[in-house]
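Participant: For reference, the structure I am asking about is given below.
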Amino acid sequence: MDKNTLNFRRKTIKCRYCNTFLGNSVFDLGHQPLSNDYLKKKELEQNEIYLPLKLFLCSSCGLLQIPAYKSSLEVFKEDYAYLSSTSKTLCNHAESFVDYAIRHFNLDSSSFVVEIASNDGYLLEHLTKKNIPCLGVEPTKLAGSISKKKKINTLIKFFSLKISQEIVQNYKKPDLIIANNVLPHVPNINDFLKGLSFLISPEGVISIEFQHLLSLIKNNLWDTIYHEHYSYLSLDFLK
């Protein structure tokens, strides 16, 4: 644990959504290193930084959350190693999702689709094969570069209200926004949701997939709790 962590813990923690002061933690997994933060060979003999892994429940809005001990820029670095295409199950789901979206939302060559956190293009490649215009927004350089090599139009940036305004200025408002597996990873959840609201066309659809809090509790999925997941979402909170 480093000096910055000690200083952070002395501060009063506020809810990232409604700014209510958070009280005692409701679940504590002690101190853990960041996941997907692989050490280089020269770092193996050095002390690794361990950060608190505590869940806090906001008494006002009901958001279960981990304080942002590390910013998204520090977590999702240029060499961030997770690639969606390595999961066969996820790739199959992406292909099924695209087929469903085309049928139910009447997508064709005149449509426009934006995916937030598009990773290595594992989902959008199915849209490009069907000649449906699309844009990926991916913050990590490694995944975004792979997506571009697949000839998928990709912005290597963190999504925000400002980026949504740039997309509308340079393209148009999309008929479908896909935000799968991303909302729990967002520290500034208010700015992110404002960006979605601004970006979507009046008759458009926003599709959000996330780990459901009820499943986490009922199935004791404590191994899905880690520093990348800033928020643990229920349907009541999201509404």
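The values are calculated or read from the model by the stated rules, or taken from the named source; none is laboratory data. Just so you know, these numbers come straight off a predicted model, no measurement behind them. We place every Cβ from the backbone using ideal geometry, glycine too, and count neighbours over all the protein chains shown. Remember, those area values only see protein heavy atoms, side chains included, never the ligands or the DNA or RNA. Shrake-Rupley method; radii C 1.70, N 1.55, O 1.52, S 1.80 Å.
Participant: Between 45, 209, 166, where does the largest GNM mean-square fluctuation fall for the chain, given springs only between Cα atoms within less than 10 Å?
Facilitator: Its mean-square fluctuation being the largest, the pick is 45.
Participant: To the nearest 20 Debye, how big is the dipole of the chain about its Cα centre, given +1 on the beta carbon of each Lys and Arg and -1 on that of each Asp and Glu? It would help to have the intermediate numbers written out before the result.
Facilitator: Working: 28 positive and 24 negative charges, 89 e Å.
Result for the chain is approximately 420 debye, rounded to the nearest 20.
Participant: Given the options 119, 170, 180, which has the most mean-square fluctuation in a GNM of the chain, springs set between C-alpha atoms less than 10 angstrom apart?
Facilitator: 170
Participant: Pick from 186, 26, 98: which is most flexible by mean-square fluctuation in a GNM of the chain where alpha carbon atoms under 10 Å apart are linked?
Facilitator: Sorting by GNM fluctuation, first place goes to 26.
Participant: So who's got an amide H within less than 5 Å of the one on residue 120, skipping anything under 5 residues away but keeping other chains? H placed 1.01 Å off N, in plane.
Facilitator: Those lying under 5 Å, H to H, from residue 120 are 84, 85.
Participant: Give me, ordered by chain and number, the residues 5 or more places off residue 13 or on other chains with an amide H under 5 Å from its own placed amide H.
Facilitator: Residues meeting the amide H criterion: 22.
Participant: Hey, another quick one. Report which label in (i) -0.20, -0.63; (ii) -0.25, -0.74; (iii) -0.54, -0.85 holds the value of log10 I(q)/I(0) by the Debye sum over Cα atoms at q = 0.07, 0.12 Å⁻¹ derived from the coordinates of this structure.
Facilitator: For log10 I(q)/I(0) by the Debye sum over Cα atoms at q = 0.07, 0.12 Å⁻¹, the calculated option is (ii).
Participant: Can you list which of the DSSP-assigned H helices in the chain have a Cα extent of 20 Å or more along the long axis and an average Kyte-Doolittle score of at least -1.0?
Facilitator: Numbers: long enough: 88-104 (24 Å, -0.39).
Helices passing the filter in the chain: 88-104.
Participant: Pull out the extension gain between residue 234 and residue 18, defined as 0.36 nm times the separation in residues minus the alpha carbon to alpha carbon distance; nm, one decimal. All intermediate terms of the calculation are to be shown ahead of the outcome.
Facilitator: On the way: separation 216, 0.36 × 216 = 77.76 nm, distance 1.55 nm.
The residue 234-residue 18 span can extend by a further 76.2 nm.
Participant: Write out the trypsin sites (Lys or Arg not before Pro) in segment 168-228 meeting two conditions: DSSP loop, and at most 14 other Cβ atoms within 10 Å of their Cβ. Mind dumping the intermediate values first?
Facilitator: On the way: sites: 172, 194, 218; in loops: 172.
Loop-located and lightly packed - 172.
Participant: Under a plain spin-label model, where a point goes 7 Å from the Cα along Cα-to-Cβ, how far apart in nm are residue 197 and residue 169?
Facilitator: Computed distance between label sites residue 197 and residue 169 equals 2.1 nm.
Participant: Using a Förster radius of 25 Å, what is the FRET efficiency between residue 106 and residue 181 based on their Cβ-Cβ separation? Nearest 0.05, please.
Facilitator: Details: r = 25 Å, r/R0 = 1.00.
That gives a FRET efficiency of 0.50.
Participant: May I pose another question? Could you calculate the FRET efficiency of residue 217 with residue 45 from 1/(1 + (r/R0)^6), where r is the beta carbon distance between them and R0 is 45 Å, rounded to 0.05? Mind dumping the intermediate values first?
Facilitator: Working: r = 40 Å, r/R0 = 0.89.
The computed FRET efficiency comes out at 0.65.
Participant: Per residue, how much accessible area does the chain have with a 1.4 Å probe, in Å²?
Facilitator: Numbers: 13260 Å² over 239 residues.
It amounts to 55 Å² per residue over the chain.
Participant: Quick check: Cα centre of segment 184-209 to Cα centre of segment 81-125, how many Å?
Facilitator: 17 Å
Participant: Now, a different point. Can you work out ³J(HN,Hα) from phi for every residue in segment 222-231, in order, using Karplus 6.51 cos²θ - 1.76 cosθ + 1.60 and θ = phi - 60°, giving whole Hz and x for Gly and Pro?
Facilitator: My calculation for segment 222-231 gives 5, 6, 8, 8, 7, 5, 5, 8, 5, 10 Hz in order.
Participant: At a 1.4 Å probe radius, carbon and sulfur cover how many percent of the accessible area of the chain?
Facilitator: Numbers: 6690 of 13260 Å².
Answer for the chain: carbon and sulfur cover 50 percent of the accessible area.
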